[in-house]
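Only one structure is covered here, and it is reproduced in the block below.
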Amino acid sequence: MEIISANYIISSPTYKDCPPPDKSEYAFIGRSNVGKSSLINMLTNKKGLAKISATPGKTQLINHFDIVSSDKKKWYLVDLPGYGYATVSQKARNNWGNMIESYIRKRENLVSLFVLIDSRHEPQPIDIEFINWLGEWQIPFSIVFTKTDKNKPAATIRNTGAFLTELSVKWEELPRHFLTSAVTKQGRTEMLDYIKGLNQSKSGR
């Protein structure tokens, strides 16, 4: 599958302000500076679609993009605020946390969440905790390991393997995962084909 067009629609402060839930929706989330904007731009093949910032935590709203793909489907791609070490006040972090949780748990047309994990690092407690919350909330999701081009292959295998091993402590069945790079476009075809399959299953085809 390829993306034919991708256009920014709106940035919303709460899930109640989001566009009407009339299309399938796929949302992307991860720690600050995980490479989320770069991944979205790579997937859509549209440089500058999602704004890339050198300042972690710059994305503070729920950003919707209107997508038309080669499988003749129309759907929403959503860029969610990052979580983690953004240099903002505790009150702001709490507000973002409430906004993210409300969106994830109440957005009725959310088909799947893509949780981005930086493949350069060993498992981080905040990522494990967030994924365990998704399990408790019964939210469909997959894991996207980013920035594999910045690793030696052995380091990528070691870090991603350690992360999945850490998850297996509480998870009987591990979620689907992808290895990606916004630079080499590794994982692009696999992720788009995965979305294609979900689009087809939602339409009953």
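Here residue 165 fits the description: more than 24 Å from residue 111 (Cβ to Cβ) and not basic (Lys, Arg). Summed over the range 11-22, residues that are within 18 Å of the chain's Cα centre (by Cα) and at pLDDT 95 or above total 1. Residues in the range 50-82 that are among the hydrophobic types (A, V, I, L, M, F, W, C), modelled with pLDDT under 95 and either closer than 13 Å to residue 40 by Cβ or in contact with a Ser or Thr (Cβ under 8 Å, 6 or more places away or on another chain) (or both): 50, 52, 61, 62, 80.
Quick check, is residue 186 under 27 Å from residue 98 (Cα atoms), polar (S, T, N, Q) and more than 15 Å from the chain's Cα centre (by Cα)? Taking the combined requirement at face value, the residue does not satisfy it. Could you check the range 105-127 and list, in sequence order, the residues that are of a type in the set (A, V, I, L, M, F, W, C), modelled with pLDDT of 95 or more and either surrounded by 20 or more Cβ atoms within 10 Å (Cβ to Cβ) or more than 15 Å from the chain's Cα centre (by Cα) (or both)? Answer for the range 105-127, where residues must be of a type in the set (A, V, I, L, M, F, W, C), modelled with pLDDT of 95 or more and either surrounded by 20 or more Cβ atoms within 10 Å (Cβ to Cβ) or more than 15 Å from the chain's Cα centre (by Cα) (or both): 110, 113, 114, 115, 116, 117. When the range 136-178 is limited to residues that are among the charged types (D, E, K, R), farther than 21 Å from residue 188 by Cβ and touching a residue at least 12 places away in the same chain (Cβ under 8 Å), the one that is surrounded by the fewest Cβ atoms within 10 Å (Cβ to Cβ) turns out to be 170.
The values are calculated or read from the model by the stated rules, or taken from the named source; none is laboratory data. Predicted model only: the values in this text are computed from it and were never measured. Virtual Cβ from ideal backbone geometry, glycine too; neighbours counted across all protein chains shown.
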